[in-house]
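The values are calculated or read from the model by the stated rules, or taken from the named source; none is laboratory data. Keep in mind that what you see is a predicted model, and the values were worked out from it rather than measured. Counting neighbours? That spans all protein chains shown, and the Cβs are built from the backbone with ideal geometry, glycine included.
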């Protein structure tokens, strides 16, 4: 079969028997949609910093753990449910349920305590990551930590958020505006979809930001009966960790932030840093093809080929196995194959080699007109579980004043990254959040962390999803408590990419000793004898392999 561009996979599915028991009253979606919808916050988004809260002091019901099975068939697990306040400002008000799973330390005599896990997304399943922990994390960590995974509020087996699935097609058609009218249509489609989420999910839709999740983590700490917790967060999960360290610094025992978000960046900062990183990552790919005989493009000028294909895509002349491919799809495929070079680069070379172009024809618009007037949620709405933008657009204020502002950004990006032009994930961030809400619950601000223990920050040098510049900036904002460890290769999430990073992470989690400031780990390239999870990896399984494109909505 010829290779085809991979579609973004669905988040990992839950499996096994998980008898969640509700410890307090579940917040019914139907009830909150009618009785509490009027309590949604309105107004103008503000960049004010969140107030530092008083940590939960209890009483809080303990988690009623019950035996459950992992879909991966390894390890002994307990599952439970914890009810937490819907709105942290009203701790005695309505609640939502968090689904949790725990794998206890296999050597009780050496047990250190709980290690909470979040794989990012936003909205990927922490429960699923914990189920994989005995196969994915080092034996030393499995011996010494209780792995505790939780599905964040609004996602998976926790109290879910719902939106109207009937509105998704109209929204998808509007996500690539080409002029002011297109941006107006996008704003209308976004607001209609977001309003459907607020109607079907009630006030939960306005309380899914990462600061709210950080409060949930502290509720889990209290319910576990622990004075301090350890945490491993990857990708968007680093933002949850950053918020926790800011809000509850003295409740942290150890914290690993792997592949970091930067919550201080505006829309342009996100676009610029991702574009710079994608250009660099593509350069590494081109150089790898030049020196690797197994690359399908070996012996060809990869940069020149890519430039010609990109130009053809923008002119509507790019063909892939008999079908046209748009410029936005072409850029999305490019970004996606940079997340995991081991599998992505060989496939990407094959994809590029299979592309062709048609002769130049007069340019015509390919955008289907979209009405700027979106229909309200109907009485026959089709509720579907949805979380991605409900989280992202409550953590980032990305509104732009006009299409002219987008056009200026794209022109500057083409100067910064003349080959790859623009990172598709940045464009999707920008498009998805236009006119999503009047009030951003957890708007961008520089981190302020005071009184925490040492925090380990790790990042790839060329990570197109979470650029190295984000990690460096987050570490600077955290201050002397942070140690930045750099993996000098390409790819997203470092723990399963580098034996060097993995050893430093394990040492830090078990002993609290961080690597020396400025430490770098060498890059691994596809086909190298020292594969990232080869013999030195102890047979570990990368639980996120094949799902990193979940970063795309």
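Take the residues of the range 219-244 that are over 12 Å from residue 114 (Cα atoms) and assigned to a strand (DSSP E or B): which is nearest to the chain's Cα centre (by Cα)?
Across the range 219-244, the extreme among qualifying residues is 234.
For residue 454, all conditions in the list (1) surrounded by fewer than 23 Cβ atoms within 10 Å (Cβ to Cβ); (2) free of Cβ contacts under 8 Å to residues at least 60 places away in the same chain; (3) in contact with a strand residue (DSSP E or B) (Cβ under 7 Å, 6 or more places away or on another chain) hold save one; what is the number of the exception?
If we test residue 454 against (1) surrounded by fewer than 23 Cβ atoms within 10 Å (Cβ to Cβ); (2) free of Cβ contacts under 8 Å to residues at least 60 places away in the same chain; (3) in contact with a strand residue (DSSP E or B) (Cβ under 7 Å, 6 or more places away or on another chain), just (2) comes out false.
Somewhere in the range 332-344, is a residue touching a strand residue (DSSP E or B) at 6+ places or on another chain (Cβ under 8 Å) and either modelled with pLDDT of 95 or more or at positive phi (or both)?
Yes, that holds for at least one residue.
Of the conditions (1) closer than 24 Å to residue 441 by Cβ; (2) modelled with pLDDT of 95 or more, residue 110 fails just one. Which one is it?
Going through (1) closer than 24 Å to residue 441 by Cβ; (2) modelled with pLDDT of 95 or more one by one, residue 110 breaks only (1).
Determine whether the range 209-218 contains at least one residue that is in contact with a helix residue (DSSP H, G or I) (Cβ under 6 Å, 6 or more places away or on another chain), within 28 Å of residue 191 (Cα to Cα), touching a residue at least 24 places away in the same chain (Cβ under 8 Å) and not in a helix (DSSP H, G or I).
Yes, because at least one residue in the range 209-218 is in contact with a helix residue (DSSP H, G or I) (Cβ under 6 Å, 6 or more places away or on another chain), within 28 Å of residue 191 (Cα to Cα), touching a residue at least 24 places away in the same chain (Cβ under 8 Å) and not in a helix (DSSP H, G or I).
Based on what the data block shows, is residue 287 more than 20 Å from the chain's Cα centre (by Cα), without any contact (Cβ under 8 Å) to a residue 12 or more places away in the chain and within 28 Å of residue 495 (Cβ to Cβ)?
The answer is yes for residue 287.
Inside the range 506-520, can you point out the residues that are surrounded by fewer than 24 Cβ atoms within 10 Å (Cβ to Cβ) and under 26 Å from residue 110 (Cβ atoms)? Talk me through it step by step, then tell me what you get.
Of all residues in the range 506-520, those surrounded by fewer than 24 Cβ atoms within 10 Å (Cβ to Cβ) come to 506-508, 510-520.
Matches in the range 506-520: 506, 507, 508, 510, 511, 512, 513, 514, 515.
Provide a single number: the residues in the range 158-177 that are closer than 16 Å to residue 205 by Cα, in contact with a helix residue (DSSP H, G or I) (Cβ under 8 Å, 6 or more places away or on another chain) and either at pLDDT below 95 or not in a strand (DSSP E or B) (or both).
Qualifying residue count for the region: 2.
Residue under question is residue 199, and the condition is that it be within 22 Å of the chain's Cα centre (by Cα), surrounded by fewer than 24 Cβ atoms within 10 Å (Cβ to Cβ) and either free of Cβ contacts under 8 Å to residues at least 24 places away in the same chain or part of a helix (DSSP H, G or I) (or both); does it hold? It would help to see each step written out before you state the result.
Working: within 22 Å of the chain's Cα centre (by Cα): no; surrounded by fewer than 24 Cβ atoms within 10 Å (Cβ to Cβ): yes; either free of Cβ contacts under 8 Å to residues at least 24 places away in the same chain or part of a helix (DSSP H, G or I) (or both): yes.
In short, no.
In the range 244-253, which residues are surrounded by fewer than 24 Cβ atoms within 10 Å (Cβ to Cβ) and closer than 23 Å to residue 505 by Cα?
246, 248, 249, 250, 251, 252, 253
Among the residues of the range 63-103, which ones are under 13 Å from residue 132 (Cα atoms) and either part of a loop (DSSP other than H, G, I, E, B) or out of contact with any strand residue (DSSP E or B) (no Cβ under 9 Å at 6 or more places or on another chain) (or both)?
69, 70, 71, 72, 73, 74, 75, 76
Kindly indicate which of 305, 297 is outside any helix (DSSP H, G or I) and in contact with a helix residue (DSSP H, G or I) (Cβ under 8 Å, 6 or more places away or on another chain).
Working: 305 fails: outside any helix (DSSP H, G or I).
Answer to the check: 297.
Go through (1) modelled with pLDDT of 95 or more; (2) in contact with a helix residue (DSSP H, G or I) (Cβ under 7 Å, 6 or more places away or on another chain) one by one and return the number of the condition residue 520 breaks.
Here residue 520 clears every test but (2).
Can you tell me which residue is farthest from the chain's Cα centre (by Cα) among those in the range 465-496 that are part of a loop (DSSP other than H, G, I, E, B) and within 11 Å of residue 235 (Cα to Cα)?
Taking the candidates together, the pick is 494.
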